[in-house]
1. If you roll a 1.4 Å probe over the heavy atoms of the protein chains, what accessible area per residue do you get for region 178-318, in Å²?
2. Return one whole number: the accessible area per residue of region 79-136 in Å², for a 1.4 Å probe.
3. Which value, in debye to the nearest 20, describes the size of the charge dipole of region 20-88 about its Cα centre when Lys and Arg Cβ atoms bear +1, Asp and Glu Cβ atoms bear -1, and nothing else is charged?
4. To the nearest 500 deg cm²/dmol, what mean residue ellipticity at 222 nm is calculated for the chain from DSSP H runs of n ≥ 4 alone, each contributing -39,500 (n - 2.57), summed and divided by the residues?
5. Are there any chymotrypsin sites (Phe, Trp or Tyr not before Pro) in region 41-99 that are in a DSSP loop and have at most 14 other Cβ atoms within 10 Å? List them by number.
6. Heavy atoms only, 1.4 Å probe, whole protein assembly: order Val110, Val4 by accessible area, highest first.
7. Tell me whether region 1-117 comes out rounded, prolate or oblate; compute the Cα gyration tensor, take square roots of the eigenvalues as a ≥ b ≥ c, and use a/c under 1.5 as the rounded threshold.
8. Could you give the longest part of the chain that holds none of the GluC sites (Glu not before Pro) found in DSSP loops with at most 11 neighbouring Cβ atoms within 10 Å?
Amino acid sequence: MTLVSKDILKAAEILKREELVAIPTETVYGLAGNIYSETAIKKIFEMKKRPFFNPLIVHIHSMEQVMELAVNFPDKAKELAQAFWPGSLTLILPKKNEVPDLITARKDTVGIRMPQHELTLELLRNLDFPVAAPSANPFTHISPTTAQHVKNYFDGSLEMVLDGGNCENGIESTIIGFENEKTVVYRLGSISLEDITSIIGPVTVKNNKEQAPNAPGMLEKHYAPRTATYLVDDIIEFIALHAGKKIGLLLHSTDHPDYAVTQVNYLSKTGHLKEAASRLYNAMHELDQLDLDMIVAQRLPDHDLGKSINDRLKRATK
């Protein structure tokens, strides 16, 4: 049985002996291990069944730790860190040799973020090493936003979940790197493009790469329920084409007619995008437990966090 507990000292003890602990963040729960332990990092890849070409993100508790991991800290990166850390921002920076290649998929860059969750920050302050922590789910499956989601995935094979309650933001961090002095968004996430550009100006979005991705979340297939999932614009037409099927709807507001389907889950009854993001994965988990024939998701307005939510829904489709 996997222990679900708020005991920070117990979590630290497990990590210090090169085992794994699922940790809460404001985005999703992460599967954490000591970045300097090859044993621990290999266990992360093995438990998730994650390919080794997909790099991991390093989690830190202070700005000073950046220079323990990165060769330099560009001005634009500092501006973003000062604006959004602790928070849902991952920065891709040139790595120091001390950062193991296993973490970075042999790239010369490393992803770094400071999570906005006091329980995990306190845990990190009790360690003399940063942790790598990809989402605590099997590779390509729905990310976990509660301790129970993690336990459902790994009960018995994972020693402990540090229980930090529901994840406030609900989708992964926004990942940003720098190419030829241009700012590049590799993954849309909990910080919108609008918020990013308000700090540093225009950015380039490069969030799809199947081979040797620069960052997590760039693969075409990701965040997927076991149930066949579809992202559509015209729900009425889609339902009519699949009469007799057990359908679960994922809607972003109540501004629609009643649908004759098995289940309707609302991301936000008022169409509030931040609330929709925070509920996305939990709603997907709920629908995935209902033995449906299909999940049908309504495309959100393609601005602000709607872009990030649509990105997740698109990658979840069959």
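The values are calculated or read from the model by the stated rules, or taken from the named source; none is laboratory data. Because the structure is predicted, anything quoted here is derived from the model rather than measured. Every residue, glycine as well, gets a Cβ built from its backbone with ideal geometry; the counts of neighbours run over all protein chains shown. Surface accessibility is based on the protein's heavy atoms, side chains included, excluding ligands, DNA and RNA. Shrake-Rupley method; radii C 1.70, N 1.55, O 1.52, S 1.80 Å.
1. I get 48 Å² per residue for region 178-318.
2. Working: 2180 Å² over 58 residues.
I get 38 Å² per residue for region 79-136.
3. 380
4. Estimated from H runs of four or more residues: -8500 deg cm²/dmol.
5. Numbers: sites: Phe45, Phe52, Phe53, Phe84; in loops: Phe52, Phe53.
Of the chymotrypsin sites (Phe, Trp or Tyr not before Pro), the ones in loops of region 41-99 whose Cβ has at most 14 other Cβ atoms within 10 Å are Phe52, Phe53.
6. My answer, sorted largest first, is Val4, Val110.
7. Numbers: a/c = 1.94, a/b = 1.31, b/c = 1.48.
Oblate is the answer for region 1-117, as a/c is 1.5 or above yet b/c matches or exceeds a/b.
8. On the way: sites that count: Glu98, Glu181, Glu210, Glu220.
After excluding every exposed loop site, the longest remaining stretch is 221-318.
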